[in-house]
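Enquirer: Questions regarding the structure given below will be posed in turn.
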Amino acid sequence: MWPYKLQCFECQRGFPAEEAGFRCKTCGGLLEVKFDLAGKREPAWNRRQLSVWKYRELLPIEKEESIISLAEGGTGLHHCKRLGRKLGLKNLYIKNEGENPTGSFKDRGMTVAISKAIELGKKKVLCASTGNTAASLAAYSARAGMECIVLMPKGKVAGGKMLQVMMHGAKLIQIRGDFDLALEVAMELADKRREFYLMNSINPFRLEGQKTLAFEILDQLGNRVPEVVVLPVGNGGNISAAWKGFSEFQRLKIVKNRPRMIGIQAEKAAPIARAVKSGQSKIRPIHNPQTIATAIRIGSPVNWPKVLLAIRESKGTAETVTDRQILEAQRELATLEGIFVEPASAASIAGLKRLSDEGRMDPSEIIVCVTTGHGLKDPSVLERLPKSQTGYNLEITNGSRLEALERIL
Ligand code: F0G
């Protein structure tokens with residue numbers, strides 16, 4: 001591991017890792033891990049297999065023995081020609097994060113954050129979640145032998161994720177209210193009782209794992225930098241972590257430039273897209289956010305300063321999509337490319353489609369769309385499928401069964 005410190009994102013004050021909470025003690029700003037990359041050169045990474053831990057020099061874990069892993073990262077980067085043709089884009093790639101061990105991108109961050117929790121001597125971990133963070137934390141804490149507490153908005157979490165949390169034996173607390181309230185309560189508890197270690201994306205160590213998404217994209221494209229990366233945005237951890245990853249490869253001179261970052265939010269849960277579109281330098285939280293994409297049903301994203309900076313620095317943008325566009329994009333990706341993602345993930349495809357339809361994409365650019373969670377997480381979509389996709393009934397009667405079947409075909 002290369003040397004690093006924790007630093008305030010706002011006032012740049014430094015803190016030692018063991019002392020820091022989750023906010024700057026001076027100004028209350030978000031913290032981030034800063035690696036000292038002066039004089040550093042790319043290690044022999046090409047001899048290692050694609051995975052989060054391939055890039056261990058750039059991950060803040062001191063000892064190999066601390067690492068808790070379920071083989072995360074190394075997800076596919078799929079060239080999507082059929083979907084690309086439909087969207088009028090020649091070089092469309094999907095980075096499919098649903099291929100991670102618990103079915104979402106959260107595992108990249110969780111393997112690092114739980115390993116750090118071990119190094120910090122923590123025994124109890126805690127998160128608020130719309131489902132995927134909780135599912136991931138439940139699995140990794142089980143593997144680490146730690147106690148796990150998750151707070152989730154009651155009735156607003158997809159069935160697959162609920163099952164994962166319960167199956168891994170986490171202590172599940174459902175609250176009446178939305179994710180934003182759950183996170184507020186979780187942060188209060190973590191502040192008051194230091195034995196509960198908070199694993200949300202306000203934890204800077206978790207974002208370090210998530211930045212490996214950017215490293216892998218560059219690796220898989222042979223260090224050709226995509227012009228555009230599109231991600232769904234909820235709490236804003238992933239897009240800012242990816243931006244940090246691209247920036248670190250640039251500082252290491254592995255690549256010369258960085259992609260434009262495009263964040264997509266659901267229409268009625270879009271504080272970041274609204275701020276970007278109206279040129280504001282701050283977000284205005286949205287009360288009672290709504291969307292079928294429950295994973296990104298968030299009105300007050302904690303990482304907003306990092307997201308706005310990533311979008312501005314990269315000359316990117318943010319856009320909104322409706323629930324109907326999300327569901328349509330989900331089906332299109334599944335039927336044209338064989339990739340099944342949950343609704344929040346399909347938001348990135350829906351957003352790209354919108355931008356392309358509006359003539360805001362260059363058809364020849366290399367575009368990477370990140371799909372963040374597996375489609376099996378949310379079986380409730382079954383009820384929203386159009387009739388044409390829900391199959392047929394076949395009455396088997398002796399003698400005529402083949403004819404009846406052939407009529408359907
Ligand atoms: N996609 C999926 C499938 C998610 O679960 C999330 C966030 C996001 C996108 C947005 O990522 O928050 O880093 O901007 N899910 C969190 C959770 C909030 O609790 O599982 P973000």
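The values are calculated or read from the model by the stated rules, or taken from the named source; none is laboratory data. Note that the structure is predicted; figures quoted are calculated from it, not measured. Neighbour counts run over all protein chains shown; Cβ positions are idealised from the backbone, glycine included. Quick note on the areas: whole protein, heavy atoms, side chains included, nothing else; ligands and nucleic acids left out. Shrake-Rupley method; radii C 1.70, N 1.55, O 1.52, S 1.80 Å.
Enquirer: If you place +1 on the Cβ of every Lys and Arg and -1 on the Cβ of every Asp and Glu, how big does the dipole about the Cα centre of region 302-409 come out, in debye to the nearest 20?
Expert: 240 debye
Enquirer: I would also like to ask the following. Can you give me the orientation-averaged projected area of the convex hull built on the Cα atoms of region 228-284, in nm²?
Expert: 4.3 nm²
Enquirer: Once the piece of chain linking LYS123 and ARG384 is laid out straight, how much longer is it, given 0.36 nm per residue of separation minus the C-alpha distance between them?
Expert: In short, 89.8 nm is gained.
Enquirer: Using the Cα atoms as the points, what is the convex hull volume per residue of region 246-393 in Å³?
Expert: 140 Å³
Enquirer: Another question, if that's okay. Fully extended, how many nm does the chain gain between ARG194 and LEU181 (0.36 nm per residue separation, minus their Cα-Cα distance)?
Expert: Computed gain between ARG194 and LEU181 is 2.7 nm.
Enquirer: Taking only protein heavy atoms into account and a 1.4 Å probe, give the accessible area per residue of the chain in Å².
Expert: Value for the chain: 44 Å² per residue.
Enquirer: Would you mind checking which residues have amide H under 5 Å from GLY177's amide H? H placed 1.01 Å from N; only 5 or more apart, or other chain.
Expert: It is LYS154, by chain and number.
Enquirer: Using the beta-carbon distance between SER278 and THR397 and R0 = 60 Å, what value does 1/(1 + (r/R0)^6) give for FRET efficiency, to the nearest 0.05?
Expert: Efficiency, from the Cβ-Cβ distance: 0.40.
Enquirer: Name the residue from ILE94, LEU50, SER281 whose Cα lies farthest towards the positive end of the charge dipole of the chain, charges +1 on Cβ of Lys and Arg and -1 on Cβ of Asp and Glu.
Expert: SER281
Enquirer: Using a 1.4 Å probe, how large is the accessible area of ASP378, given in Å² and rounded to the nearest 10?
Expert: 10 Å²
Enquirer: Right, another one. Please report the carbon-and-sulfur percent of the accessible area for the chain; probe 1.4 Å, protein heavy atoms only, DNA, RNA and ligands left out.
Expert: 48 percent
Enquirer: Considering amide H positions built from the backbone, and no H for Pro or chain starts, which residues 5 or more places from GLY74, or on another chain, come under 5 Å of its amide H?
Expert: SER51, VAL52
Enquirer: Given the options TYR392, SER364, ALA344, identify the residue whose Cα lies farthest towards the positive end of the charge dipole of region 338-409 (+1 on Cβ of Lys, Arg; -1 on Cβ of Asp, Glu).
Expert: Farthest along the dipole direction, towards plus: TYR392.
Enquirer: Explain nothing, just compute: Karplus ³J(HN,Hα) = 6.51 cos²θ - 1.76 cosθ + 1.60, θ = phi - 60°, for every residue of region 152-169 in order, whole Hz, x for Gly and Pro.
Expert: For region 152-169, the Karplus curve yields 9, x, 5, x, 10, 10, 4, x, x, 6, 4, 4, 4, 4, 5, 4, 7, x Hz.
Enquirer: Could I ask something else about it? Using the Cα centre of region 101-197 as the reference point, and only Cβ charges (+1 on K/R, -1 on D/E), how large is the resulting charge dipole? Debye, rounded to the nearest 20.
Expert: 200 debye
Enquirer: Where does the chain land on Rg/Rh, using Cα atoms and the Kirkwood Rh?
Expert: 0.99
Enquirer: Please work out the FRET efficiency for the pair ARG331 and GLU10, using the Cβ-Cβ distance as r and a Förster radius of 35 Å; give the result to the nearest 0.05.
Expert: 0.25
Enquirer: Still on this structure, please answer the following. Using +1 at the C-beta of Lys and Arg and -1 at the C-beta of Asp and Glu, which of SER201, SER380, LEU31 has the Cα lying farthest in the positive direction of the dipole of the chain?
Expert: LEU31
Enquirer: Mind counting lysine pairs for me in region 243-290? Cα separation below 19 Å, and the two need to be 8 or more apart along the chain or on different chains.
Expert: 4
Enquirer: Which whole-Hz ³J(HN,Hα) couplings does region 80-94 yield from phi under the Karplus relation 6.51 cos²θ - 1.76 cosθ + 1.60, θ = phi - 60°, glycine and proline marked x?
Expert: 9, 6, 5, 5, x, 4, 5, 8, x, 10, 7, 10, 9, 10, 10
Enquirer: Could I ask something else about it? Under a 5 Å amide H to amide H cut-off, with H placed in plane at 1.01 Å, what residues pair with GLN290 once short-range neighbours are removed?
Expert: Those lying under 5 Å, H to H, from GLN290 are LYS268, ALA269.
Enquirer: Which value, in debye to the nearest 20, gives the size of the charge dipole of region 259-298 about its Cα centre, when Lys and Arg are +1 and Asp and Glu are -1 at the Cβ?
Expert: About 120 debye.
Enquirer: Quick one: go through region 359-392 and flag any residue whose amide nitrogen is under 20 Å from the point 7 Å out along the Cα-to-Cβ line of ARG143.
Expert: Taking a point 7 Å out along Cα→Cβ of ARG143, the residues of region 359-392 whose backbone N falls under 20 Å are 372-377.
Enquirer: Moving to a separate point now. Any idea how far the Cα center of region 182-240 sits from the one of region 71-136, in Å?
Expert: Cα centres, region 182-240 to region 71-136: 10 Å.
Enquirer: Tell me what the chain gives for mean residue ellipticity at 222 nm when only DSSP H runs of n ≥ 4 count, each as -39,500 (n - 2.57), the sum divided by the residue total, rounded to 500 deg cm²/dmol.
Expert: -10500 deg cm²/dmol
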